[in-house]
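Bear in mind these aren't lab numbers, they're just calculated from the coordinates by the rules spelled out. Owing to the predicted nature of the structure, the values given are computational and were not obtained by experimental measurement. No Cβ is skipped: glycine too gets one built from the backbone with ideal geometry, and neighbour counts run over all protein chains shown.
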Amino acid sequence: MLKSSTVPNHWLLRIVDRVADVCGHLGVLMIIFITAVLSYEAIARYFFHAPTQWTQDISITLQVWFTYMGMALVLKEGKMIRITAMLGVAPAWVRYVCEALALIIILLFSIMATVKGWDVVTDSFRLGRRQPTMLALPNWIAELPVVLGFALLALQSLAELIRLPFRGPPEFNPESELELDDEPTRTTAGKEANA
């Protein structure tokens, strides 16, 4: 395995990572905004008997945005859902191959979703489709994050593929899969055994 200092750190790869980080930070701000909006709606509805017409539409639209815009960050941080029961004990070359295969599948699916999603967005924009809600927002506002999110996911998966041979095979620690509730029990049991 090559040292981590040999992992390519080209400026294009750094830009892809930075965009994923910025989208993650924007997602956090969206969650805070959604929380504030829904709190305002609850106060307006139950204390002042003056419900709003816009909070649900805005909240759902922002949830779609932060979900899709955060996919690249999740891949960059290695937090995608994995089934690691067999990979945890597999040889390094098997882990390399499985990781490369997973990244290639993510890349191909992301490209397909971006292309097909762009067709949907342009159709919605051209036809003037609107959501069947109180605000009747244009459909493309909720469809655009799908295109952008999968485009960013495609770029991030390509960046991870480029780094894979230099980074070493992924490590799967079976103990990281244990629930946090077990941690105090094992620590206490260890102290009792040492006493």
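Just to confirm the filter: which chymotrypsin sites (Phe, Trp or Tyr not before Pro) across the range 23-119 are DSSP coil and have at most 10 other Cβ within 10 angstrom of their Cβ?
Those that pass, being in a loop and sparsely packed, are PHE47, PHE48.
Please list 3J(HN,Hα) in residue order for the range 25-42, calculated via the Karplus relation 6.51 cos²θ - 1.76 cosθ + 1.60 where θ = phi - 60°; whole Hz, with x for glycine and proline.
So the Karplus estimates, Gly and Pro as x, are 5, 5, x, 5, 4, 5, 5, 4, 5, 4, 4, 5, 5, 5, 5, 4, 4, 5 Hz.
So if each residue of separation counts as 0.36 nm, and I subtract the Cα-Cα distance between LEU26 and LEU38, what length gain in nm does that give?
Length gained, LEU26 through LEU38: 2.5 nm.
Comparing ARG167, ARG126, ARG18, which has the greatest mean-square fluctuation in the GNM of the chain with Cα pairs linked when under 10 Å apart?
Maximum fluctuation in the GNM of the chain, among the listed residues, is at ARG126.
Compute log10 of I(q)/I(0) for the range 19-130 with the Debye formula, placing one identical point scatterer on every Cα and leaving out solvent, at q = 0.14, 0.21 Å⁻¹, to two decimals.
The Cα Debye sum returns log10 ratios of -0.83, -1.16.
Taking only C-alpha pairs under 8 Å that are 6+ residues apart, what is the relative contact order of the range 1-120 in percent?
Normalised by residue count, the contact order of the range 1-120 is 26 percent.
Of (i) 17.3; (ii) 16.5; (iii) 13.2, which is the value of mean projected area of the Cα convex hull in nm² derived from the coordinates here?
Here the calculated entry is (i).
Which value in deg cm²/dmol, rounded to the nearest 500, describes the helix-derived mean residue ellipticity at 222 nm for the chain, given -39,500 (n - 2.57) per DSSP H run of n ≥ 4 and division by the residue count?
-24000 deg cm²/dmol
With a 10 Å cut-off between alpha carbons and a GNM built on the chain, which of ALA72, ALA85, ALA151 moves the most?
Taking springs between Cα atoms under 10 Å, the residue moving most is ALA85.
Name the long-range amide H neighbours of ARG130: under 5 Å, sequence gap of 5 or more, or other chain; modelled H, no Pro or chain starts.
ASN139
Scan the chain and hand back the longest stretch that contains none of the GluC sites (Glu not before Pro) lying in DSSP loops with at most 15 other Cβ atoms within 10 Å.
Segment 78-170 is the longest.
Where the centre of each part is set by its Cα atoms, how far does the range 15-82 sit from the range 84-156, in angstrom?
Centre-to-centre (Cα) distance: 18 Å.
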